[in-house]
1. Does any residue of the range 333-350 turn out to be of a type in the set (Lys, Arg), closer than 24 Å to Lys197 by Cβ and more than 16 Å from the ligand (Cβ to nearest atom)?
2. Under 8 Å between Cβ atoms, at least 6 apart or on separate chains: pull out the pairs that start in the range 145-168 with a residue that is part of a strand (DSSP E or B) and end on any residue that is open to solvent by 40 Å² or more (accessible area, probe 1.4 Å) and within 10 Å of the ligand (Cβ to nearest atom).
3. Can you go through Thr308, Thr293 and tell me which one is more than 18 Å from Trp354 (Cα to Cα) and not in a helix (DSSP H, G or I)?
4. When you go through Asp163, Asp132, Asp186, Asp174 one by one, which is the residue that is within 14 Å of the ligand (Cβ to nearest atom) and among the acidic types (Asp, Glu)?
5. Anything in the range 31-79 that is more than 15 Å from the chain's Cα centre (by Cα) and at positive phi? List them, or say none.
6. Looking at (1) open to solvent by less than 30 Å² (accessible area, probe 1.4 Å); (2) over 30 Å from Met295 (Cβ atoms); (3) within 16 Å of the ligand (Cβ to nearest atom), find the lone condition where Arg119 falls short.
7. I'd like to check something: does the range 86-98 contain any residue that is in contact with a Ser or Thr (Cβ under 6 Å, 6 or more places away or on another chain), within 19 Å of Val23 (Cβ to Cβ) and buried (at least 24 other Cβ atoms within 10 Å of the Cβ)?
8. Which condition breaks for Ala334 when tested against (1) open to solvent by less than 50 Å² (accessible area, probe 1.4 Å); (2) within 17 Å of the chain's Cα centre (by Cα)?
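The values are calculated or read from the model by the stated rules, or taken from the named source; none is laboratory data. Treat the numbers as computed from the prediction; the structure is a model and nothing was measured. Heads up, the Cβs are rebuilt from the backbone with ideal geometry, glycines too, and the neighbour counts pull from every protein chain shown. Ligands, DNA and RNA are excluded from the accessible area calculation, which covers all protein heavy atoms including side chains. Shrake-Rupley method; radii C 1.70, N 1.55, O 1.52, S 1.80 Å.
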Amino acid sequence: MDLRLSDEDLELKERARAFTENVLFPLELECEEHDGLSSSSLDAAHRAVLDAGFNAINHTREDGGQGYDLLQQILIEQEWGKATGALWDIPWRPSIPLARATAEQKERYLLPSCRGERRDAYAITEEHAGSDPSMVRTTARRDGDGWVLDGTKWHVTAGDVADFLLVHAHVDGDPRLATVFFVDKDLPGVEVVRTPKYSHTFVFEHPIFALEGVRVSSEAVLGEVGSGYELTKEWFVEERIMIGARTMGASTRALDLSLAFANERVQFGDPIVSFQAVEFMLADMAAQIMAATSMLYRVGWQAARGHTDRKELHALASAVKLVCSETAGRVADAAVQIHGGRGYMREQPVERLWRELRVDRIWEGTSEIQRTVIGNELRKRGADVYTGWV
Ligand SMILES: Cc1cc2nc3c(=O)[nH]c(=O)nc-3n(C[C@H](O)[C@H](O)[C@H](O)COP(=O)(O)OP(=O)(O)OC[C@H]3O[C@@H](n4cnc5c(N)ncnc54)[C@H](O)[C@@H]3O)c2cc1C
């Protein structure tokens with residue numbers, strides 16, 4: 001069994017590392033201190049994304065993306081995930097369900113999004129609908145040729161910089177007719193209710209949006225009426241695997257910083273790495289990162305070679321997200337401990353990683369929901385998808 005990365009994949013990983021260190025890391029403190037970036041910093045980073053060819057890494061070349069396979073996307077996102085302030089979200093990745101758009105919709109939304117001229121935000125969650133999207137109260141009702149949407153969406157990531165939303169709504173209030181709609185943000189009736197603050201520093205915001213009598217045309221349906229869950233599931237699968245990639249990048253950085261600090265920091269006359277209590281923390285961090293990264297790469301490798309169908313990938317994505325995000329939480333916590341008081345200072349990357357990795361156990365389905373997905377899979381199809389090897 002040859003487990004080595006190909007030369008092409010190694011070169012890609014190296015390019016992503018250089019981009020992270022040269023473009024994203026220098027923006028970290030500005031983002032932390034000012035709770036975001038100036039428009040000149042954002043513009044410069046935007047140009048750097050295009051120069052590096054890291055726009056739309058998740059879409060095919062025909063659709064205006066870079067045409068990378070899933071393993072290649074993992075390698076890139078793993079490097080980007082080392083950056084704090086969620087600067088990894090600067091290189092835009094138009095939501096994957098946009099690949100299901102019609103030719104006209106692609107022309108209007110996907111192609112310009114891949115070029116970085118437009119940006120989407122995906123809006124499912126509501127006040128009463130989180131883990132259970134069947135509780136969504138946003139409705140779409142037919143009106144002549146088009147539709148009228150009403151509802152309120154919470155936690156809409158990058159909703160401040162997006163110019164259109166992908167809104168998960170129930171046609172006539174019927175969850176069986178869950179449907180995703182294109183909603184341009186400048187349409188009458190689309191309002192930001194408020195922009196809450198969160199634990200993490202995130203380069204963009206997560207506003208709450210109200211849709212009041214928003215009229216969209218008949219061409220505003222993505223996919224088909226009733227295909228909302230299927231499309232949203234595709235979005236979850238990609239996001240869950242990329243959370244796995246980014247949390248492993250972040251964990252690796254936390255370990256590297258902790259190892260360097262433990263070698264340098266002298267207390268009681270010796271570098272603290274010589275104390276077994278510290279060494280064992282580092283050892284646990286390294287072993288856990290190795291285990292989770294191996295699983296992540298394996299799933300990416302299988303998918304890239306077409307060895308995994310869509311249902312299997314959905315099942316595996318939950319395991320990847322669960323293991324990688326929980327591992328990252330433990331690793332970041334140990335990194336703070338090893339750094340002592342410095343680990344609690346916001347100017348230190350390990351402090352920011354620790355605070356920012358917390359959400360990875362919540363969004364795109366909490367750890368409990370990932371276990372529910374895995375449990376369902378075990379009941380329906382047995383353990384082989386997790387314990388077997390193809
Ligand atoms: C920073 C941030 C950004 C986000 N970005 C987006 C976005 O861009 N678009 C979007 O649509 N959403 C977004 N979300 C929403 C996110 O996906 C939800 O917060 C998440 O799915 C959990 O839903 P909830 O917050 O309503 O929690 P709830 O569903 O109310 O869960 C509360 C608790 O109950 C547990 N629980 C619920 N059901 C079960 C069950 N069946 N079994 C066991 N335990 C259960 C949960 O695990 C959790 O511990 C974002 C959230 C955050 C915090």
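1. Pass one, the range 333-350, residues of a type in the set (Lys, Arg): 342, 346.
Of the ones still in play, those that are also closer than 24 Å to Lys197 by Cβ are 346.
Checking which are more than 16 Å from the ligand (Cβ to nearest atom) leaves us with 346.
Checking the range 333-350: at least one residue is of a type in the set (Lys, Arg), closer than 24 Å to Lys197 by Cβ and more than 16 Å from the ligand (Cβ to nearest atom).
2. Pairs that qualify, where the first residue is part of a strand (DSSP E or B) and the partner is open to solvent by 40 Å² or more (accessible area, probe 1.4 Å) and within 10 Å of the ligand (Cβ to nearest atom), are Thr152/Glu127; Lys153/Thr125.
3. Numbers: Thr293 fails: not in a helix (DSSP H, G or I).
One residue alone meets the criteria, Thr308.
4. On the way: Asp163 fails: within 14 Å of the ligand (Cβ to nearest atom); Asp186 fails: within 14 Å of the ligand (Cβ to nearest atom); Asp174 fails: within 14 Å of the ligand (Cβ to nearest atom).
Criteria check complete, one pass: Asp132.
5. Matches in the range 31-79: Asp35, Gly36, Gly53, Gly64, Gly67.
6. (1)
7. Going through the range 86-98, the residues in contact with a Ser or Thr (Cβ under 6 Å, 6 or more places away or on another chain) turn out to be 94.
Now restrict to residues that are within 19 Å of Val23 (Cβ to Cβ): none.
Scanning the range 86-98, I find no residue that is in contact with a Ser or Thr (Cβ under 6 Å, 6 or more places away or on another chain), within 19 Å of Val23 (Cβ to Cβ) and buried (at least 24 other Cβ atoms within 10 Å of the Cβ), so the answer is no.
8. Only one criterion is unmet by Ala334, namely (2).
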